[in-house]
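Only one structure is covered here, and it is reproduced in the block below.
The values are calculated or read from the model by the stated rules, or taken from the named source; none is laboratory data. Just so it is clear, the model here is predicted, and its values are computed rather than measured. Counting neighbours? That spans all protein chains shown, and the Cβs are built from the backbone with ideal geometry, glycine included.
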Amino acid sequence: MTAHRDFLSILDFSSAELPALFRLAEDIRNKRYVKKPMAGKVLAMIFQKSSTRTRVSFEVGAFDLGGHALFLSQRDIQLGRGEPIKDMARVLSRMTDGIMIRAYEHAHAEELAEYADVPVINGLTDLSHPCQILADLLTVRQFLGTFEGKRIAWIGDGNNMAHSWIEAAQRLKFSLRLACPERYEPDPALIATARAEGADVTLVRDPREAADGAHVINTDVWASMGQEDESNERIQVFNGYMVDDALMARADRDAIFLHCLPAHRGEEVSESVLEGPQSRVWAEAENRLHIQKAIMAVLIGHESLAPYMRGPKRTAPKKKSPARGKRR
């Protein structure tokens, strides 16, 4: 059995490895990295939940790295007919070089990783969304120069995005304030663990308190996939949690707005903020491609992070309008 590592949680990379991973992703984005570490390799992509950004970024990313990606929905494989995950894991391990899964239950990703002999990447579960948060942090570096010492605000549901932000705060040096209504808080065990590791994580009720002086304002839909029957109730519960111009005005003058998409304009974010000058959501979406290429290069292509462990000191870039062109 070949030794491999999985990426199910941000905690699967160390505090030293994560900045190195960002530097590799930045080299990829700026076309300074031209190697093809996935040449002759295949990524199996299991989608229990559908997605635009996850599918396109992993599929294009595997191709750009010289490899190939297989899209596997539950209709395409026996998983949809009750085949045990552990059986599928062992079969795919003999035919592919890595597996990405986008699932409802985090336990499914964990079981897949337990029985697979190839790297398993968490494309999203109900517990966490680590690829997205790494893309978000890559975007913070791109536009603010660094995340160290920054104040990041999460506004809305204490969902899988909030959980991965908490784990990121456990590994990296930034302050995290989460504004969530009662009964919709993140898992308290994750907060306790992060704080025990020295993370600066604060949970509040008032979105204005979280936004005050923040360098990054971040939100997500109020009802995630699989929660559609709760939509009406959640609209009532989250009344007052919309990120609008008034809330953005409380943040730092150079603050940026992030959203993992898709967005519901007029619910969790106003049209004026999503399309406004502080929005970086399109660069954020593009950065899913670059960070996931870095992850695949390391896990599947065996690219070493050692050359990226000590990078040049970064300074905040001059203010400029966000690029809205194509990536090529």
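Structural remarks
- Segment 195-220, residues that are closer than 12 Å to F174 by Cβ and aliphatic (A, V, I, L, M): A199, V201, A214, V216
- Just so you know, in segment 172-200 the residues that are among the hydrophobic types (A, V, I, L, M, F, W, C) and more than 23 Å from T125 (Cβ to Cβ) include one that is surrounded by the fewest Cβ atoms within 10 Å (Cβ to Cβ), and it is A196.
- Within segment 249-277, being outside any loop (DSSP other than H, G, I, E, B), within 25 Å of L124 (Cβ to Cβ) and out of contact with any Leu (no Cβ under 9 Å at 6 or more places or on another chain) holds for L258, V269, L274.
- Screening K36 against (1) assigned to a helix (DSSP H, G or I); (2) surrounded by fewer than 18 Cβ atoms within 10 Å (Cβ to Cβ); (3) not aliphatic (A, V, I, L, M) leaves a single unmet condition, (1).
- So P277, is it modelled with pLDDT under 95, more than 21 Å from I10 (Cα to Cα) and of a type outside the set (V, I, T): no
- Matching residues, segment 203-216, being in contact with a helix residue (DSSP H, G or I) (Cβ under 8 Å, 6 or more places away or on another chain) and either outside any strand (DSSP E or B) or farther than 22 Å from Q278 by Cα (or both): L203, V204, P207, R208, A211, H215
- When R234 is tested against (1) buried (at least 16 other Cβ atoms within 10 Å of the Cβ); (2) in a loop (DSSP other than H, G, I, E, B); (3) at pLDDT below 95, just one condition goes unmet, and that condition is (2).
- Residue pairs whose Cβ atoms lie under 6 Å apart, sitting 6 or more positions apart in sequence or on different chains, and linking a residue in segment 175-187 that is of a type in the set (K, R) to a partner that is outside any loop (DSSP other than H, G, I, E, B) and buried (at least 18 other Cβ atoms within 10 Å of the Cβ), are R177/A153; R177/A210.
- Residue match in segment 201-223 (condition: surrounded by 14 or more Cβ atoms within 10 Å (Cβ to Cβ), of a type in the set (G, A, S), under 25 Å from L11 (Cα atoms) and in contact with a Phe, Trp or Tyr (Cβ under 9 Å, 6 or more places away or on another chain)): yes
- Cβ separations smaller than 8 Å between residues 6+ apart or across chains give the following pairs from segment 298-318 residues that are within 21 Å of K41 (Cβ to Cβ) and assigned to a loop (DSSP other than H, G, I, E, B) to residues that are acidic (D, E) and at pLDDT 75 or above: I300/D97; L305/E17.
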